[in-house]
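As structure tokens, the structure follows; a few thoughts come after it.
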Amino acid sequence: MTFPPSEMNKKTDPETAAPFISDEKLKRVLSLSEVSTDDTASVNISSISVSTTSFFSSSSDNIWSKLIHRRGAWTDSDDDDETPSGSCRNKLHLFWCSVKRELHYLTKVCCKHPHIPAISLMIFAIMVSVGMTVTEKFCESETYKLKNKAEWVAQDTGKWFSDSFSEALIPLFALQQAVMHSEYFTHLFDAIGEYDAQNSAPAILGAKSKTFPDYRNISGICDDEELMTKFGEIVDSINDYIGLNGVVVNYRLAPHSVFCLAHPMVNSDDFPEGGKLSNVGLIGYDAGITPNTFWKNTLQNTYGMPDTVDLFGPFNKSSNGVVLSPQFFCGHLSVPVPGYNVTVANSTYDSWGFVMHFMDWHELVERSDIHNRFECEGLDFSLFKKADDQVCQMQKIHIYIHSDRYFN
């Protein structure tokens, strides 16, 4: 049998609602309905529908429903629970709709509860200030440590170069004293004599001459084998004692400002294959009377300050297309033997002549291992010298060496 529609649509009273039907009971009822008549099946199914409807109706007032429909700070309007419309089915559109909804919620919360963003901003500002202060103090501490480390490394390295440079000048002073207090070389001054004077070595054109005869014929004076051997022994003993072999690569002796002796005469041992430092074309050159401006200025400085080494460099030195050294220095020191004097540019100085040497600065830098030392410390460097230019009335800076990244 069946119920009339009016009876099936009646609202079930929660007080008298049928109890909840479990899954097991539902299966049993359905099983029975399969073997029953059509009328009986209709009654059972109608009863199940009424009971189920009554259950959901009775549960509408439980705690979860109340919580779902409760309005708070985040849901204050009727449209808060709206879901995105069909136009938001596209993922990107759906994301944009979600963002707009969240921004809408956030704006409403900030407007209704302004203390929330105010306190948040205040805490954020405090945290940022504390973080910046700590970071700044940490940076200052690290900068101070790095600065102290850089100063210590620079001072230590600078002292090493200063000491090494001073050691490289010692051979000149040693050679100066050997000439002053030895009987082997003093006679060379008188043997060469004044330029263009009677009984003096005659002036001739030489390898470096252009139109002016600025060489002297010193055959029979400076080519004495015993004299050359003695000069070589003195120079080698000085280099061996100080440990500058490979750094100081050549010595020259110039009595009366005329280049007379050199050792080694040709040096190829201290340079790359094919390169050599030769003095053959320089022997006999009279630096005291040559119109060359470099030698005029150099001798005036050398003889004018007899206790000071006049240094020139660094400069590039090549031979036969081979770079002997990218950084060479040459030093000049007066030999002030009492009773002797020389003339340069119409000025007379109390001196017998001068001694000279060549120093391979590049080799000294390689021995210092300065690049690796600063690189290991994470530092860059520039080694330079400041000098006052009396002519230009300004301070000149001569950069000798620097790290690859210093000027980048």
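Sub-6 Å Cβ pairs linking a first residue in segment 147-170 that is surrounded by fewer than 16 Cβ atoms within 10 Å (Cβ to Cβ) to a second residue that is part of a helix (DSSP H, G or I) and β-branched (Val, Ile, Thr), at least 6 apart or interchain, are Glu167/Ile242; Ile170/Ile242, ordered by first then second residue.
Within segment 193-200, is even one residue under 15 Å from Val258 (Cα atoms), in contact (Cβ under 8 Å) with a residue 24 or more places away in the chain and open to solvent by 70 Å² or more (accessible area, probe 1.4 Å)?
Going through segment 193-200, the residues under 15 Å from Val258 (Cα atoms) turn out to be 193-197, 200.
Those left that are additionally in contact (Cβ under 8 Å) with a residue 24 or more places away in the chain: 193-195.
Now narrow it down to the ones that are open to solvent by 70 Å² or more (accessible area, probe 1.4 Å): 194.
Within segment 193-200, one or more residues are under 15 Å from Val258 (Cα atoms), in contact (Cβ under 8 Å) with a residue 24 or more places away in the chain and open to solvent by 70 Å² or more (accessible area, probe 1.4 Å).
Enumerate the helices (runs of 4 or more DSSP H) found wholly within segment 293-385, keeping only those where 1 or more residues are surrounded by fewer than 15 Cβ atoms within 10 Å (Cβ to Cβ) and not charged (D, E, K, R).
Working: elements: 293-304, 361-368, 370-376.
Helices (runs of 4 or more DSSP H) meeting the threshold: 293-304, 370-376.
Pairing each residue of segment 304-318 that is among the polar types (S, T, N, Q) with any residue that is at pLDDT below 90, provided the two are 6+ apart or on different chains, yields C-beta distances under 6 Å for Asn316/Pro326. So, in segment 258-283, how many residues would count as being touching a Leu at 6+ places or on another chain (Cβ under 8 Å) and not in a loop (DSSP other than H, G, I, E, B)? Qualifying residue count for the region: 5. Cβ-Cβ contacts under 7 Å between residues 6 or more apart (or on different chains), taken from a first residue in segment 214-229 that is touching a residue at least 40 places away in the same chain (Cβ under 8 Å) and within 15 Å of Ala262 (Cα to Cα) to a second residue that is open to solvent by 70 Å² or more (accessible area, probe 1.4 Å) and part of a loop (DSSP other than H, G, I, E, B), are listed as Leu227/Tyr184. In segment 201-243, the residue that is nearest to Ala168 (Cα to Cα) out of those that are in contact with a Ser or Thr (Cβ under 9 Å, 6 or more places away or on another chain) and open to solvent by less than 70 Å² (accessible area, probe 1.4 Å) is Ile234.
Among the residues of segment 246-254, is any touching a Ser or Thr at 6+ places or on another chain (Cβ under 9 Å), closer than 23 Å to Ile192 by Cβ and open to solvent by less than 50 Å² (accessible area, probe 1.4 Å)?
The answer is no; no qualifying residue exists.
Screening segment 181-190 for residues that are modelled with pLDDT under 90 and either out of contact with any helix residue (DSSP H, G or I) (no Cβ under 9 Å at 6 or more places or on another chain) or within 16 Å of His332 (Cβ to Cβ) (or both) and picking the one that is surrounded by the most Cβ atoms within 10 Å (Cβ to Cβ) gives His181.
For segment 96-124, a tally of residues being open to solvent by 60 Å² or more (accessible area, probe 1.4 Å) and of a type in the set (S, T, N, Q) returns 2.
For segment 197-229, the tally of residues that are in a loop (DSSP other than H, G, I, E, B) and either acidic (Asp, Glu) or at pLDDT below 90 (or both) stands at 15. Taken over segment 266-286, the criterion of being without any contact (Cβ under 8 Å) to a residue 60 or more places away in the chain and either in contact with a helix residue (DSSP H, G or I) (Cβ under 6 Å, 6 or more places away or on another chain) or over 17 Å from Asn250 (Cα atoms) (or both) is satisfied by Glu273, Gly274.
Just wondering, is there one or more residues in segment 235-243 that are hydrophobic (A, V, I, L, M, F, W, C) and either part of a loop (DSSP other than H, G, I, E, B) or out of contact with any strand residue (DSSP E or B) (no Cβ under 9 Å at 6 or more places or on another chain) (or both)? Spell out the reasoning first.
As a first pass, look at segment 235-243 and keep what is hydrophobic (A, V, I, L, M, F, W, C): 235, 238, 242.
Next, from what is left, pick out any that are either part of a loop (DSSP other than H, G, I, E, B) or out of contact with any strand residue (DSSP E or B) (no Cβ under 9 Å at 6 or more places or on another chain) (or both): none.
For segment 235-243, residues hydrophobic (A, V, I, L, M, F, W, C) and either part of a loop (DSSP other than H, G, I, E, B) or out of contact with any strand residue (DSSP E or B) (no Cβ under 9 Å at 6 or more places or on another chain) (or both): absent.
Evaluate the following for Ala262: is it crowded, with 19+ Cβ neighbours inside 10 Å, small (Gly, Ala, Ser), modelled with pLDDT of 90 or more and over 16 Å from Val342 (Cα atoms)? Working first, answer last.
Values: crowded, with 19+ Cβ neighbours inside 10 Å: yes; small (Gly, Ala, Ser): yes; modelled with pLDDT of 90 or more: yes; over 16 Å from Val342 (Cα atoms): yes.
Taking the combined requirement at face value, the residue satisfies it.
Checking every residue in segment 249-257 against the condition of being in a helix (DSSP H, G or I) and more than 27 Å from Lys276 (Cβ to Cβ) gives zero matches. Taken over segment 309-326, the criterion of being under 31 Å from the mean Cα position of the chain (by Cα) and within 25 Å of Gln176 (Cβ to Cβ) is satisfied by Leu311, Phe312, Gly313, Pro314, Phe315, Lys317, Ser325.
The values are calculated or read from the model by the stated rules, or taken from the named source; none is laboratory data. Small disclaimer: the values here were computed from a predicted structure and weren't measured. FYI the Cβ positions are ideal-geometry reconstructions off the backbone, even for glycines, and counts take in every protein chain you see. Remember, those area values only see protein heavy atoms, side chains included, never the ligands or the DNA or RNA. Shrake-Rupley method; radii C 1.70, N 1.55, O 1.52, S 1.80 Å.
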